[in-house]
Amino acid sequence: MSLVRTRPTARPFLAATRAFAAGADTPRAFLERCLEAVAALEPEIGAFVTMDAASARAAADASAARWAAGRPLSPIDGMPLGIKDIIETADMPTGMGSPLFEGWRSERDAAAVKALREAGGVVLGKTVTTEFAAVVPGATRNPWDTSRTPGGSSSGSAAAVAAGMVSAALGTQVVGSTIRPASYCGCFGFKPSVGGLNRGGSHDYLSQSCTGVLAGTLADTWQVAREVARRAGGDPGFAGLIGPDALPSPVRPPRLALLETPGWAEAGAEAKRALEGAVARLAAEGVEIRTRGSDSRIDELEEALAQAVALTRRINAWESRWPLNTYRDRDPAKLSRVMLDRLVEAEAMTQQDYAEDIAERARIRALHAALRPSFDAFVTLSAPDCAPVGLQSTGDPSFAVPASLLGTPAVSLPVLSAGGLPLGLQLVGYADADAELFAHAAWAAGTLGGGDPA
């Protein structure tokens, strides 16, 4: 085990703004504390591709002036942020984890980045992503144990948040790329409903892809997402994330369905015990818990979700045919074997194959949606175990992929552990009911000891 010298500690932002308003602290001083964490931990963790501390300091100074004048642009005015390097920024390159795009600049901000800047967010840098937000890892290490993966593809975002280098960061997910690294690194992670946050300028074009948020508290997570949605909305054709301007008030869910997911067979014994213990505590607080053994409708959904990983990967392969075919034509030596193999799979598929796959996805989504009158949400693990040793893989996504396939919101709460390392508890909701899920998540986090600081 290669432990970092300092135990990772997230850096909540909203709780600090009371001191900004009172004149006892400033966004610039807050940023400097983040930069101290960067100086101490970044050489070991490698969360960032690039940083612009000078621009961040200038933005923090402007924010400090607004707070001093009593006119912050939003509750996150001055919040230090990381941006996953699959998402465009006007002032920094967007390399997408690929040598094909090393140093590439679009000269524009993605919709979500522009929204965050309009809210006063302070963009510190671009965080490491796997190649094209897929599976080939970058250089980031887990902040709890640098011999272990941070997960992916939002590797740098999760690690930077968990280590207190930034208060929040944008991630993306099409398989498990937000929920899994949140679990491994011990921070909050949110994958919204499909279409919930505007993906304009984010190079993840797949039909299950979502821009998401990783943060040190649930309140910070919700606030960042809402500030994006208020200014940029959702994807074209979607209303986007809707809900209160601050974290929804906690609501105890009367009934939860426990999902085993395709990952149950791979889950570690300690992880299963941790989940069972958490579920028992929720039940002790009056939540009715149903399982596939006690409800045939849950069992039917479990059977359908058994193919979630394979079905998702086939859909992703077809949808990746472009632009991978243009990248291969440009320079196949700069594509990983994984990407070349995905393209081979896509070119072997027919349009009819894809039509059948998305029809099956629609069938599974309908099975899930039909359970809404009976269950308030679903509870499961965020990953099969704590982060595995080694940097060659980002880990098993099988617990995170169901929410991606279903197109529903999911939240990872850092309230469990296995092997002395973080493990997330995942709550999965219903499409376009993200605020309702956050209300249940706020209650569960408070009940299980992962509530936000006062």
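If you filter the stretch 412-454 down to residues that are out of contact with any helix residue (DSSP H, G or I) (no Cβ under 7 Å at 6 or more places or on another chain) and more than 19 Å from Ala377 (Cα to Cα), you find that the one that is most open to solvent (accessible area, probe 1.4 Å) is Ala454.
From the list Gly78, Gly120, Gly95, the lone residue that is open to solvent by less than 50 Å² (accessible area, probe 1.4 Å), part of a loop (DSSP other than H, G, I, E, B) and more than 23 Å from Glu227 (Cα to Cα) is Gly95. Entry remark, the stretch 49-75: residues being closer than 21 Å to Gly171 by Cβ and open to solvent by less than 20 Å² (accessible area, probe 1.4 Å) number 2 in total.
The residues listed here are Gly212, Gly240; of these, the one that is open to solvent by less than 50 Å² (accessible area, probe 1.4 Å), at positive phi and touching a Gly at 6+ places or on another chain (Cβ under 8 Å) is Gly240. Of the residues screened, Ser249 is not one that is part of a loop (DSSP other than H, G, I, E, B) and open to solvent by less than 10 Å² (accessible area, probe 1.4 Å).
Given the condition hydrophobic (A, V, I, L, M, F, W, C), more than 19 Å from Gly407 (Cβ to Cβ) and free of Cβ contacts under 8 Å to residues at least 12 places away in the same chain, answer yes or no: does some residue in the stretch 303-313 qualify?
In the first step, residues of the stretch 303-313 are kept if they are hydrophobic (A, V, I, L, M, F, W, C); the result is 304-306, 308-311.
Checking which are more than 19 Å from Gly407 (Cβ to Cβ) leaves us with none.
No, the conditions are met nowhere in the stretch 303-313.
Counted as qualifying within the stretch 265-363 are the helices (runs of 4 or more DSSP H) with 2 or more residues that are touching a helix residue (DSSP H, G or I) at 6+ places or on another chain (Cβ under 8 Å) and of a type in the set (A, V, I, L, M), namely 269-284, 296-305, 308-319, 337-348.
Pairs are defined by a Cβ separation below 9 Å, a sequence spacing of at least 6 or placement on different chains, a first member in the stretch 40-54 that is farther than 15 Å from Glu102 by Cα, and a second member that is of a type in the set (Phe, Trp, Tyr) and at pLDDT 95 or above; the pairs so defined are Glu42/Phe48.
Answer yes or no as to whether Ser207 is under 22 Å from Ala433 (Cβ atoms), of a type in the set (S, T, N, Q) and either assigned to a loop (DSSP other than H, G, I, E, B) or open to solvent by 10 Å² or more (accessible area, probe 1.4 Å) (or both). Yes; evaluated as a whole, the condition is true for this residue.
Condition (residue is on the phi > 0 side of the Ramachandran plot, surrounded by fewer than 16 Cβ atoms within 10 Å (Cβ to Cβ) and at pLDDT 95 or above) applied to the stretch 14-25: is it met by at least one residue?
yes
The values are calculated or read from the model by the stated rules, or taken from the named source; none is laboratory data. Remember, predicted model here, so these are calculated numbers, not experimental data. Cβ coordinates were reconstructed from backbone atoms using ideal geometry, including for glycine residues, and neighbour counts include every protein chain displayed. Calculation scope for accessible area: heavy atoms of the full protein, side chains included, ligands and nucleic acids excluded. Shrake-Rupley method; radii C 1.70, N 1.55, O 1.52, S 1.80 Å.
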